[in-house]
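Working notes, structure below.
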Amino acid sequence: MREMSVAEQRYEAVRAVIADGETVKDVAARFGVSRKTMHVWLAKYEAGGLDGLVDGSHRPRSCPHQMPAAVEVALVQLRERHPSWGPRRLAFELSGKGMAVSESALMASLT
């Protein structure tokens, strides 16, 4: 007998509440989750059906402090041509090209 996927287990729990009329409290106890989790599953099922019950990625959608690619390329080029320049000089040179970067961001990228 094959193991059920997480989504299938959640669907079984949701179906027990919706179709079979069991209480959220009883189903939550049977599946070993909190009532709050059961309500989250019910809401996800209502919003997206069976696909809504699948685990989503935990990866952040963005990284607000990440340096733009164009600035990173320009920084690498400057570092290759002038390896002795520190963050203050690199920030000055990049600002001359219209790329505002803080010295602290450059310090982090140099290590």
Selection of chymotrypsin sites (Phe, Trp or Tyr not before Pro), the range 23-96, meeting DSSP coil and at most 16 other Cβ within 10 Å: TRP85
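Using r as the Cβ-Cβ distance of VAL76 and GLU3, and R0 as 35 Å, what FRET efficiency do you calculate, to the nearest 0.05?
Working: r = 48 Å, r/R0 = 1.36.
My answer for the efficiency is 0.15.
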Neighbourhood net charge (14 Å Cβ-Cβ; Lys/Arg +1, Asp/Glu -1) for GLU80: 0
FRET efficiency estimate (nearest 0.05) - Cβ-Cβ, ASP26 to ARG61, R0 41 angstrom: 0.65
Local net charge near TYR45, Cβ-Cβ under 13 Å (Lys/Arg +1, Asp/Glu -1): -1
Percentage relative contact order, the chain, counting C-alpha pairs under 8 Å, at least six apart: 17 percent
Derived scalar couplings ³J(HN,Hα) [the range 90-105; Karplus, 6.51 cos²θ - 1.76 cosθ + 1.60; whole Hz; x for Gly, Pro]: 4, 4, 4, 5, 5, 5, x, 9, x, 10, 7, 9, 6, 5, 5, 5
Cα gyration tensor shape of the chain, rounded if a/c is under 1.5, else prolate or oblate by comparing a/b with b/c: prolate
Positive minus negative residues near SER109 (Lys, Arg vs Asp, Glu; Cβ under 13 Å): -1
Sparse-neighbour loop sites [trypsin sites (Lys or Arg not before Pro); the range 24-111; at most 12 other C-beta within 10 Å; DSSP]: ARG61, LYS97
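The numbers here are math on the coordinates, done by the rules we state, and not lab data. Only a predicted model underlies this, so the values are computations on that prediction, with no experimental measurement involved. So basically every Cβ, Gly included, is an ideal-geometry build from the backbone, and we count neighbours across all protein chains shown.
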